[in-house]
Amino acid sequence: MKRHLLSIDDLTREDIERILGRAESFAEVSGREIKKVPTLRGRTVINLFYEASTRTSSSFEIAAKRLSADLVTIKSAGSSVDKGESLKDTIQTLSAYDPAAIVFRSPAAGAAGLVARWTQASVINAGDGKREHPTQALLDLYTLRRHRRNLDGLKIWIVGDVLHSRVARSNILAFTRMGCRVTVCGPPTLIPRGVEALGCDVSATLDGSQDADVIYALRMQHERMTGSFVPSLREYAAQYQINARRLGAGQLLMHPGPVNRGVELSAEVIDSPQALITEQVQSGVVVRMAVLYELLAGAPTSTEAPIHPEPQPA
Ligand code: ASP
């Protein structure tokens with residue numbers, strides 16, 4: 001296991017299996033009345049969020065607290081970032097507390113990789129712009145495995161705004177690594193050119209989605225769109241919305257949240273028993289506990305640099 005988790009590409013299939021297994025053991029802890037283990041006692045985890053978040057930031061907070069870590073949560077609004085402090089200065093300032101991990105979200109693709117160069121802490125990418133959101137993909141695998149024990153050969157359709165979605169990218173990598181067959185589907189303007197290179201098929205229509213085991217719908221990412229990618233949300237919904245008519249009886253439905261009700265999903269499918277959306281949120285806690293555990297308390301990391309290097313003689 002590497003020292004940082006920046007991309008699903010940092011993980012082998014064995015790493016993923018180990019994290020999912022570890023998350024299962026933490027699910028047992030989450031079922032107890034006192035949901036806490038001493039694993040990270042005395043270690044500091046910093047949650048640094050430069051972009052809005054409900055699920056990811058709260059579940060990382062709960063995960064760190066359940067592992068008994070000391071936790072500091074900083075949102076860019078209200079921090080010295082508002083006063084113009086640069087990212088590098090902010091990271092150097094926070095690194096002065098000798099954190100074991102920095103959980104970092106940013107609207108800029110690749111920013112988590114930069115942070116990893118500026119700190120001795122393990123960096124966990126909690127979403128960097130359109131690029132990746134690896135812990136989302138891990139919690140999705142975990143959720144799916146609770147319903148379909150064997151992921152090999154499972155057919156998954158990822159539907160919607162693939163172009164602006166870090167979740168889509170991480171999930172294509174994660175699902176294919178576990179042997180699933182992935183098709184991405186959406187208006188051609190919202191499918192990144194060359195996405196097939198990640199190992200998925202592409203479809204401009206929902207024809208054929210009836211054969212999928214899982215429909216994974218994506219949010220229309222208005223905040224990342226600079227131009228007009230679809231004629232109107234009504235027309236988008238007419239062609240791509242997953243509704244009761246389009247969701248087959250045996251299909252599972254996933255969505256990373258937050259959902260635009262009535263756009264990518266209709267109200268009746270969100271509330272149907274086939275929807276795993278709330279379960280995905282629940283999985284976020286145990287999977288993020290497992291990731292913190294693996295990086296901070298698990299097997300030695302594979303880079304030469306130890307997490308906490310011994311002080312060197314001057
Ligand atoms: N919550 C996910 C993310 O941060 C998905 C989304 O925002 O649509 O990427």
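The values are calculated or read from the model by the stated rules, or taken from the named source; none is laboratory data. Just so you know, these numbers come straight off a predicted model, no measurement behind them. Glycine gets a Cβ as well: all are built from the backbone with ideal geometry, and neighbour counts include every protein chain shown. The area values use the complete protein model at the heavy-atom level, side chains included, leaving out ligands, DNA and RNA. Shrake-Rupley method; radii C 1.70, N 1.55, O 1.52, S 1.80 Å.
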*Among the residues of the range 117-140, write down those that are over 23 Å from ARG18 (Cα atoms) and either more than 16 Å from the chain's Cα centre (by Cα) or crowded, with 24+ Cβ neighbours inside 10 Å (or both).*
ARG117, TRP118, THR119, GLN120, ASP128
*Regarding GLU310, is this residue charged (D, E, K, R) and at pLDDT 95 or above?*
no
*Being within 25 Å of LEU6 (Cβ to Cβ), away from the ligand (no atom under 15 Å from the Cβ) and touching a strand residue (DSSP E or B) at 6+ places or on another chain (Cβ under 9 Å) narrows it down to one of VAL214, VAL195, so name that one.*
VAL195
*List the pairs whose first member sits in the range 116-133 and is on the phi > 0 side of the Ramachandran plot and within 16 Å of the ligand (Cβ to nearest atom), whose second member is open to solvent by 10 Å² or more (accessible area, probe 1.4 Å) and outside any loop (DSSP other than H, G, I, E, B), and whose Cβ atoms are under 6 Å apart, counting only residues at least 6 apart or on separate chains?*
GLY127/ARG105; GLY127/ARG166
_For a quick check of your reading: which strands (runs of 3 or more DSSP E) sit entirely within the range 44-108 and have at least 3 residues that are open to solvent by 50 Å² or more (accessible area, probe 1.4 Å), touching a residue at least 40 places away in the same chain (Cβ under 8 Å) and away from the ligand (no atom under 16 Å from the Cβ)?_
none
*So which residues in the range 205-231 are open to solvent by less than 40 Å² (accessible area, probe 1.4 Å), of a type in the set (Gly, Ala, Ser) and assigned to a loop (DSSP other than H, G, I, E, B), if there are any at all?*
GLY208, ALA212
*Is the range 141-163 home to any residue that is open to solvent by 10 Å² or more (accessible area, probe 1.4 Å), within 14 Å of the ligand (Cβ to nearest atom) and not in a loop (DSSP other than H, G, I, E, B)?*
no
